[in-house]
Amino acid sequence: YIMPASKPLSFLITAILFKAFQGLFTFGGDMLHILKYFNVLFTVLSITWLIITIVKNFFEITRQKLVKQSKVAAAAMLPIISKITVILIIVLAALFALKNLGFDIGAIIAAFGIGGVGVALASQKNIENLFGGIMLSVDQPIRVGDVGKFNNIIGTVIDVGMRSTKVQTADRTIVAIPNAVLSAETIETYAYRDKILINHKIDIRYGTYSTKIQNTLKKIREAMIQDPKIDNKESRINASAFTANGITLEIFAYALTTDYNEYLRIQEEFIMKVNDIILKETKGYGGATLSCCCSAPSKQ
């Protein structure tokens, strides 16, 4: 988002004109001091606002250019660098204003230096989060818009900030995860996968002849091969275990899509095919029961 510079520029022009018109009037001593303080604050505030706007626009334009050039890692660093730069500008502007108001800047800097250790200790977590955010931007295990599991929370990344990363959950709530925590956790993201897993376990009841079970496996394998939306090279189905309910058939298939809604449609069609095959092949032999159904979640 490119910020318009018209407002801070108008503010600066107003500050200049306000100071210029003061020369047309005569003021007493106390009023002069008040106007001096007001002029300094008004001018510094307007210049700072303008500089911050220019800096933010510069970083945003640069980020957009890097994205177009597919330099994603470099582009991801710029928002954090921009925020740090803005903080430094504000600190320098505050020191400049204090100096022009007659304060002893050396004493203020010395006081900050003495209290710096205490502030650093008190802000240890914030510093950890800042460096955690930098590492997330450099390493880029996640990006804004990625869907995945972050600190055991499934959702979509909507912002990687200086202190925390914000994730929107399936309940449409926003969860802020400290960057220090997130950078130390195992991150599972679904953004880079090229296909989505379909994994189900079905129990064929005891009493069904082995030939019927083998025919069922054969027919399902054929359905996998014939389905253009299923990866037949890596997909499989096998009798995998004995359970209290019967003999377990485990389906391990990949839907050839990265879109979650399309994945649901592919999975639904495949389940219906498998259901028809099982009903036909095990008819009169007790049928089957669904033992376990699981597939990696991928969207809110």
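Some observations on this one:
- Among the candidates GLU222, GLU234, residue that is in contact with a strand residue (DSSP E or B) (Cβ under 8 Å, 6 or more places away or on another chain), free of Cβ contacts under 8 Å to residues at least 40 places away in the same chain and either open to solvent by 60 Å² or more (accessible area, probe 1.4 Å) or assigned to a loop (DSSP other than H, G, I, E, B) (or both): GLU234
- Complete set of residues in region 266-284 that are open to solvent by 60 Å² or more (accessible area, probe 1.4 Å) and either touching a Lys or Arg at 6+ places or on another chain (Cβ under 6 Å) or not in a helix (DSSP H, G or I) (or both): LYS283, GLY284
- Only one entry of THR257, THR248, THR186, THR216 meets the criterion of being out of contact with any Gly (no Cβ under 7 Å at 6 or more places or on another chain) and open to solvent by 40 Å² or more (accessible area, probe 1.4 Å), and that entry is THR186.
- Residues located in region 24-51, provided they are open to solvent by less than 40 Å² (accessible area, probe 1.4 Å), at pLDDT 75 or above and over 12 Å from PHE11 (Cβ atoms): ASN39, VAL40
- The combined condition, being at pLDDT below 80 and outside any helix (DSSP H, G or I), is not fulfilled by MET77.
- Residue match in region 59-70 (condition: open to solvent by 80 Å² or more (accessible area, probe 1.4 Å), modelled with pLDDT of 90 or more and of a type outside the set (D, E, K, R)): no
The values are calculated or read from the model by the stated rules, or taken from the named source; none is laboratory data. All of these numbers come straight from a predicted model, not from anything done at the bench. Glycine also receives a Cβ, built like all others from the backbone with ideal geometry; neighbour counts cover every protein chain displayed. Just so you know, the surface numbers come from the protein's heavy atoms only, side chains and all, with ligands and any DNA or RNA stripped out. Shrake-Rupley method; radii C 1.70, N 1.55, O 1.52, S 1.80 Å.
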